[in-house]
Amino acid sequence: MLRLEGIDAFYGDLQALYDVSLEVEQGRVFALVGANAAGKSTTLRVISGLVTPRRGRVVLDGQDLTTVPAHARVDLGVVQVPEGRRLFPFMSVTENLLLGAHTPRARAERDATLKYVYTLFPVLAERRGQLAGSLSGGEQQMCAIGRALMARPRVLMLDEPTLGLAPVLVKRIFDTVRTINADGMTIMLVEQNVRQALTLAQRAAVLESGHLVLHGQGAALLADERLKRAYLGM
Amino acid sequence: MDPARRLGRAQIDVFAQLGVSTILLGGIYALIAVGLTLIFGIMRVVNFAHGEFLMLGMYLGFWAFTLLSMDPWFVLFVSIPLFFGIGVLTYVLVMKGVIHASHNVQIFTTVGLSTALQNTALVLWSGDFHTVRPWHALRPIRMLGTAFNLSQVVAFVIALTLTVLLFAFMRFTHTGRVMRATAQDRDAAILMGIDTDRVYRITFALGIAAVGAAGVLVSPLYAVYPTAGLQFVLLSYVVVVLGGLGDMVGALIGSLIVAAVEVAGSYWFGTAWKEIFYFLLFIGVLVFRPAGLFGQRGAENLGV
């Protein structure tokens, strides 16, 4: 459904991605794991259009997105939950969620999606009038996921959704990802929680210093000797 | 002679008169400053040509009155869409190219635009002072020991109405929400599908429409000439810094403070002193409370 073909990406002179190709299949969870600064976030930023690759293509259902501006990709269904949540801190939870439904396509279904998000995260309904900046870390992450869902994504990209969260909340977020996926959402997940991410994902890839070094089924990668040594401390 | 006595036989209560003058003046200053602070809050650009758009609004009021005998109040219906259009055009032709440039480049650009507009006005319409005297500028109103003319009151009411409408627009409409979101986190806004270029275009156009309307409203109250905008734009920097950069409510309060300083300073010391007083205030704020009088509210106020 979503395909990267031979992506080279740079920050200035610094090359962040080398010839990265991967495919996210419809209705599945795809996990991209790796150490800090391996290029995981850059890969997502290339897909969402915040970073323009120097070489290679981003293709969604056969349509080349490479030259489509970032904001227009959202209308095509590519929606990213950025690392660190990046909520609008001085706006209420409701305002944040409503901003998610900005594209005409999403606005047409705004009320129904809002109801879905509040069912998924009842705590957001309780805190709807509160400023997003005053929420706890876990609540902020839920709000950020909710805001992205408001855009009616076809592919939902999550960048380190469990970063800095307590273990009980990490589990809560992973459960949520599972639920959203079960509701039919295609998900691309970037994670440092390698074990949990690979357990959840049907397909996965490992990035190392900008190179895609492993690629396969989540469960198979979990059993891979190299990966075990590098990321699971086994 | 006591300035109050020039107003004639009727009893003038000095403090009531100063209060009324402050409020009337403050409302108009607010409409000027609110456009400046809106553009700064959302786009992070200080528009040094802001006063020149005010000057263009004043000339519009003048020419419409002189050539077409059109009352400035009615000119507003033309000026608001016209200046919105001028704002869009200026954004596309000038501002768009420097929106992501360094502050130095932006300052040179808007100062250059200011000089260009002043000199265009000078070439087209000469440096003569013009006045607009519709019937309501000559209609004094005396009430509760105060005196003012109808032009001032209506200008105040319209300016306040437009300012409140702009507040409401920012607070309650989807577009207003989108503008505030862009100010708070531009990348996150893009990831929501927001076209930030369009946001900046609308922001700039709204700011220019507001200051253009203010120009038309003050045309019966002040002389119209190519550098007429300067006196207002200087004080609107004071207003904006007092209220906190980018804070629209702060701009409203700052306008009243500057108006009070101007009115009181002019009354007790003479009009020549008014700029000295509010620039002393300005320097004082910059030294002691650089985030504005209302404390360190920080990015909270971006946009509203």
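See the values below:
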read-out: Amide H within-cut-off set for A:LEU158, under 5 Å, with H built and near neighbours excluded; value: A:VAL81, A:MET188, A:LEU189, A:VAL190
read-out: Distance between region B:10-44 and region B:120-148 - C-alpha centres, whole angstrom; value: 17 Å
read-out: Karplus (6.51, -1.76, 1.60) ³J(HN,Hα), θ = phi - 60°, over region B:67-78, in Hz, Gly and Pro reported as x; value: 7, 10, 6, 8, 5, x, 4, 7, 4, 3, 4, 7
read-out: Cα gyration tensor category, rounded, prolate or oblate, for the protein assembly as shown with a/c compared to 1.5; value: prolate
read-out: For region A:212-219, 3J(HN,Hα) per residue [Karplus equation, 6.51 cos²θ - 1.76 cosθ + 1.60, θ = phi - 60°, Hz, x = Gly/Pro]; value: 7, 9, 9, 7, x, 6, x, 5
read-out: Student exercise, region B:3-288 dipole from Lys, Arg, Asp, Glu Cβ charges, in Debye to nearest 20; value: 440 debye
read-out: Anisotropy class of region B:157-249 from Cα gyration tensor, a/c 1.5 cut; value: prolate
read-out: Distance between region B:164-240 and region B:84-115 - C-alpha centres, whole angstrom; value: 14 Å
read-out: Charge dipole (debye, nearest 20) of chain A; +1 at Cβ of Lys and Arg, -1 at Cβ of Asp and Glu; value: 340 debye
read-out: ³J(HN,Hα) computed for each position of region B:165-170 - Karplus, 6.51 cos²θ - 1.76 cosθ + 1.60, integer Hz, glycine/proline x; value: 4, 5, 4, 4, 4, 5
read-out: Amide N proximity, region A:28-64 versus A:TYR18 label position 7 Å along Cα-to-Cβ, cut-off under 13 Å; value: A:39
read-out: Chain A: relative contact order in percent, alpha carbon pairs under 8 Å with at least 6 residues between; value: 28 percent
read-out: Average Cα contact separation per residue, chain B, under 8 Å, 6 or more apart, as relative contact order %; value: 36 percent
read-out: Most positive-pole-ward Cα, A:GLY210, A:ALA125, A:PRO153, against dipole of chain A from beta carbon charges; value: A:ALA125
read-out: B:MET143/B:PHE108 FRET efficiency (R0 41 Å; Cβ-Cβ; nearest 0.05); value: 0.25
read-out: Cα gyration tensor shape of region B:121-206, rounded if a/c is under 1.5, else prolate or oblate by comparing a/b with b/c; value: oblate
read-out: Burial ordering of B:HIS103, A:HIS211, A:HIS102, B:HIS130, fewest other beta-carbon atoms within 10 Å first; value: B:HIS103, A:HIS211, B:HIS130, A:HIS102
read-out: Residues in region A:1-44 reached by a label modelled at A:VAL59 [backbone nitrogen below 15 Å; 7 Å Cα→Cβ]; value: A:1-7, A:20-26
read-out: A:ARG195 versus A:GLN217: modelled label distance in nm, points set 7 Å from Cα along the beta carbon direction; value: 2.2 nm
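Here, each number is a calculation from the coordinates, and none is a lab measurement. Quick caveat, the model's predicted, so the values are computed rather than measured. We place every Cβ from the backbone using ideal geometry, glycine too, and count neighbours over all the protein chains shown.
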